[in-house]
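> For reference, the structure I am asking about is given below.
The values are calculated or read from the model by the stated rules, or taken from the named source; none is laboratory data. Since we're looking at a predicted model, the values are computed, not measured. Quick reminder, even Gly has a Cβ in these numbers, built from the backbone with ideal geometry, and neighbours come from all protein chains shown.
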Amino acid sequence: MSTGQLVLLDHVVAVLTAALWLAAGVLAASSRPRVLVAALAGALAVAGRLALVAVLADRGWWFVQEKVLLGLPLLVVATAAAAVLAGPRLVARPGADAGGLPPAGVVSLLAVGYAALAGFVVTFVGGYPLTWSAGLLTVAGVGGAVLLTAQLVTPRATTPAQAAPGGKVTRRQLVTAAVSITGVYGLALLFVRAPSADAGGGAAAVEPPTRGTPVTGLRGPSTPAVGGAVRPYTVTARTATVALASGQEIDAWTFDGALPGPPLTAVQGDLLDVTLRNEDIDDGVTLHWHGYDVPCGEDGAPGTTQAVVAAGDEFRYRFRADQAGTFWYHTHQVSHVGVRRGLYGTLVVTPREAEAAAVDLVLPVHTFDGVVAIGDDDGVLEQAADEGATVRLRLLNTDSEPHRFALAGTVFRLAAVDGRDLNEPGELSERALRLPAGGRYDLVFTMPAGPVALTVDGEVRLRVGGGDGDVATGEWPELDLLGYGEPGDVPFDLDTAYDRHFTMVLDRGVAMVDGRPAFAQTVNGRGHPSIPEQVVADGDLVRFTVVNRGLETHPWHLHGHGVLVLARDGRPTTGSPLWVDTFDVRPGEVWEVAFEAANPGVWMNHCHNLPHADQGMMLRLRYDGVSELPGAQGGGHGH
Ligand code: C2O
Ligand code: CU
């Protein structure tokens with residue numbers, strides 16, 4: 001069973017455990033039959049949870065920490081107490097009603113239910129890592145519920161006031177005091193501030209975030225490389241109503257009135273010189289060069305690398321087109337709205353020497369108002385190609401969810417991922433390709449005699465060389481990139497001692513997001529901007545462990561650096577060195593990636609499911625000695 005399935009199953013069994021014990025308690029309290037049956041089923045469920053958590057623990061401590069340290073101990077203690085307090089009486093009168101079960105017995109049955117429920121709540125709203133606050137509040141909560149229940153089911157004659165004449169403190173009063181103190185302490189701990197930085201096991205920052213080179217000073221050069229040209233562009237952000245190919249009109253936010261924005265192209269070594277103007281996007285805009293390792297001051301992260309470009313303002317971006325490949329650009333301001341509505345476009349840089357493919361198509365896939373389109377075409381694209389011609393399809397996923405692609409009618413190679421060439425990619429056929437949100441795949445094939453069709457999520461969206469009708473690609477197995485292509489050179493030793501190692505555990509939970517409590521998308525239990533920023537030093541070798549504890553996919557994206565995939569779920573890559581800027585961490589997965597910190601700045605590091613980023617799943621990676629934009633840490637909408 002996959003880790004994701006185990007996580008889900010454990011949720012189900014946890015809820016079931018709570019339900020069974022609560023049922024047993026309620027039946028007993030109302031002197032109804034079948035208490036023993038419910039309790040035995042509950043005990044079985046407890047055993048099931050112990051087994052499940054044991055299996056999950058083997059997948060990684062992150063998946064079970066709060067269960068092992070808190071949820072299960074509570075559950076086991078409560079179950080044992082119930083066995084002692086209610087067990088003998090129930091077993092002595094199996095099947096009969098539980099009339100005559102002493103109040104303590106009834107309370108003990110319900111207490112197991114409370115403990116089971118509390119464990120589930122901690123997992124669901126708190127998650128990893130378990131905090132002292134969550135632990136204390138849980139214990140106090142269960143204790144309080146038990147006390148209250150005891151109060152309710154205990155006959156009047158033995159209420160504390162009457163049971164303790166002469167002003168003696170009763171046991172119940174003592175327990176009440178202990179529970180209250182625990183609860184208050186747990187509450188108080190909620191307000192302890194998180195550390196603001198994480199050094200990943202390396203040296204702490206020497207410079208405070210307010211000192212050192214200002215990030216706004218880290219700008220690109222003003223001239224192209226020798227032999228390169230300047231590529232001047234002016235891109236204007238404005239609202240517009242744009243018709244898709246089918247005629248459907250989209251109330252869009254656009255660059256230059258088009259969906260997507262103007263395709264930007266360059267030859268390696270050119271200077272991209274792009275002036276962004278904002279005509280009427282009231283929320284403001286920026287240009288972020290997704291996957292392009294630009295100098296940080298050109299990165300377009302509002303509130304972090306620049307001020308947002310308000311309506312009527314402009315900003316000029318300049319950087320050298322050093323990386324050849326398929327990239328894209330998009331606004332980074334309220335991006336979960338802006339990108340979805342159309343503030344994005346493609347950026348393709350071709351190598352200076354190297355023959356271009358005879359047919360070279362740039363195919364950005366995007367969902368407008370629920371309609372999937374390639375470019376602005378929500379129908380089927382047609383493309384002619386001569387037999388024997390080289391065809392390159394540049395697939396871009398500009399949505400927040402993955403898309404499944406398949407190519408029918410030809411063998412092909414996946415030549416590049418995220419704009420980076422693979423080493424000796426082998427020939428593929430009848431394979432599906434799952435493209436993460438934000439990611440790019442370049443497919444290359446030689447045009448066969450017959451037609452070729454590209455499907456997106458099972459539907460034909462592009463025909464090369466004619467053809468018609470459906471093609472069945474739904475059953476084709478998905479290509480696993482971690483075993484595709486041949487191993488090749490990488491710029492650092494994979495078994496090296498990394499200078500910094502950061503672990504990011506992704507989940508949902510209750511956390512503060514932009515100053516408000518929310519059921520957030522969290523990193524290590526926190527939401528933006530209270531996730532400690534990661535501090536690195538120029539030249540460090542950095543490793544990320546990214547763990548998905550939740551039930552949703554998280555396309556992880558670090559700005560300013562391609563990362564090398566080392567392993568997934570403990571299994572190292574066996575194929576081509578795999579450099580990516582966005583990688584899908586599916587439920588239950590654990591990814592290990594590494595990169596060299598060689599591009600100083602303050603970089604966003606976030607989930608590229610943009611609504612997730614908006615719901616808190618976003619942090620920053622800052623180089624020691626680079627100072628942030630003044631007033632940056634608040635930067636509520638800078639994503
Ligand atoms: Cu493509 Cu921070 O984004
Ligand atoms: Cu996400």
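> Looking only at residues in the range 324-380 that are among the basic types (Lys, Arg) and at pLDDT 95 or above, which one is surrounded by the most Cβ atoms within 10 Å (Cβ to Cβ)?
ARG340
> Do the conditions hold for VAL593, that is, is it in a strand (DSSP E or B), more than 16 Å from ligand 1 (Cβ to nearest atom), out of contact with any Ser or Thr (no Cβ under 7 Å at 6 or more places or on another chain) and not small (Gly, Ala, Ser)?
yes
> Quick one: which strands (runs of 3 or more DSSP E) sit completely within the range 185-290 and have at least 1 residues that are over 29 Å from the mean Cα position of the chain (by Cα) and under 28 Å from GLN534 (Cα atoms)?
none
> Give me the pairs, please: first residue somewhere in the range 470-488 and at pLDDT below 95, second residue anywhere and not in a loop (DSSP other than H, G, I, E, B), beta-carbon distance under 6 Å, and either six or more positions apart or on two chains.
VAL471/ALA408; VAL471/ALA453; THR473/ALA406; THR473/ALA408; THR473/THR455
> Hey, another quick one. Select, from HIS606, HIS559, HIS612, the only residue that is touching a helix residue (DSSP H, G or I) at 6+ places or on another chain (Cβ under 7 Å), of a type outside the set (Val, Ile, Thr) and buried (at least 22 other Cβ atoms within 10 Å of the Cβ).
Being touching a helix residue (DSSP H, G or I) at 6+ places or on another chain (Cβ under 7 Å), of a type outside the set (Val, Ile, Thr) and buried (at least 22 other Cβ atoms within 10 Å of the Cβ) holds for just one of HIS606, HIS559, HIS612, which is HIS606.
> For residues that are touching a Pro at 6+ places or on another chain (Cβ under 9 Å) and part of a strand (DSSP E or B), scanning just the range 331-372, find the one that is nearest to GLY439 (Cα to Cα).
PRO364
> Working carefully through the options LEU74, LEU36, LEU90, find the one that is at pLDDT 95 or above, assigned by TED's automatic domain parsing to the domain that holds ALA118 and in a helix (DSSP H, G or I).
Exactly one of LEU74, LEU36, LEU90 is at pLDDT 95 or above, assigned by TED's automatic domain parsing to the domain that holds ALA118 and in a helix (DSSP H, G or I), namely LEU74.
> Also: Out of curiosity, is PHE502 assigned to a loop (DSSP other than H, G, I, E, B) and out of contact with any helix residue (DSSP H, G or I) (no Cβ under 9 Å at 6 or more places or on another chain)?
no
> Further, regarding this structure: Test of understanding: among ASP280, ASP273, which residue is without any contact (Cβ under 8 Å) to a residue 60 or more places away in the chain, under 24 Å from ASP369 (Cβ atoms), away from ligand 2 (no atom under 16 Å from the Cβ) and in contact with a strand residue (DSSP E or B) (Cβ under 9 Å, 6 or more places away or on another chain)?
Step by step, each of ASP280, ASP273 is checked, and only ASP280 is without any contact (Cβ under 8 Å) to a residue 60 or more places away in the chain, under 24 Å from ASP369 (Cβ atoms), away from ligand 2 (no atom under 16 Å from the Cβ) and in contact with a strand residue (DSSP E or B) (Cβ under 9 Å, 6 or more places away or on another chain).
> Here is a further query. All but one of (1) away from ligand 1 (no atom under 15 Å from the Cβ); (2) under 24 Å from GLY303 (Cβ atoms); (3) over 21 Å from the mean Cα position of the chain (by Cα) hold for ASN599; which doesn't?
Among (1) away from ligand 1 (no atom under 15 Å from the Cβ); (2) under 24 Å from GLY303 (Cβ atoms); (3) over 21 Å from the mean Cα position of the chain (by Cα), the lone unmet condition for ASN599 is (1).
> Another question about this same structure. Of these, ASP624, ASP614, ASP584, which one is modelled with pLDDT of 95 or more, of a type in the set (D, E, K, R) and touching a Lys or Arg at 6+ places or on another chain (Cβ under 8 Å)?
Selected residue: ASP584, the only one of ASP624, ASP614, ASP584 that is modelled with pLDDT of 95 or more, of a type in the set (D, E, K, R) and touching a Lys or Arg at 6+ places or on another chain (Cβ under 8 Å).
> Right, here's the next one. Which ones in the range 521-541 are more than 16 Å from ligand 2 (Cβ to nearest atom), closer than 19 Å to ALA194 by Cβ, of a type outside the set (S, T, N, Q) and not in a strand (DSSP E or B)?
PRO529, PRO532
> Tell me which residues, restricted to the range 595-609, are within 16 Å of ligand 2 (Cβ to nearest atom) and hydrophobic (A, V, I, L, M, F, W, C).
MET604, CYS607
> Name the residue, out of ARG568, ARG549, that is more than 30 Å from PRO214 (Cα to Cα), in contact with a Phe, Trp or Tyr (Cβ under 7 Å, 6 or more places away or on another chain) and within 13 Å of ligand 2 (Cβ to nearest atom).
ARG549
> Still on this structure, please answer the following. Residues being polar (S, T, N, Q) and more than 12 Å from ligand 1 (Cβ to nearest atom): count how many of those fall in the range 604-623.
1
> Scan the strands (runs of 3 or more DSSP E) fully inside the range 542-588 and keep the ones with 1 or more residues being under 15 Å from the mean Cα position of the chain (by Cα) and more than 16 Å from PHE327 (Cα to Cα).
Ranges flagged: 554-558, 582-585.
> Give the residues of the range 381-407 that are closer than 14 Å to VAL460 by Cα, surrounded by 18 or more Cβ atoms within 10 Å (Cβ to Cβ) and out of contact with any Phe, Trp or Tyr (no Cβ under 9 Å at 6 or more places or on another chain), sorted by residue number.
HIS403
> Please find, within the range 571-592, the residue that is nearest to ligand 2 (Cβ to nearest atom) out of those that are aliphatic (A, V, I, L, M) and more than 18 Å from ASN423 (Cα to Cα).
Taking the candidates together, the pick is VAL585.
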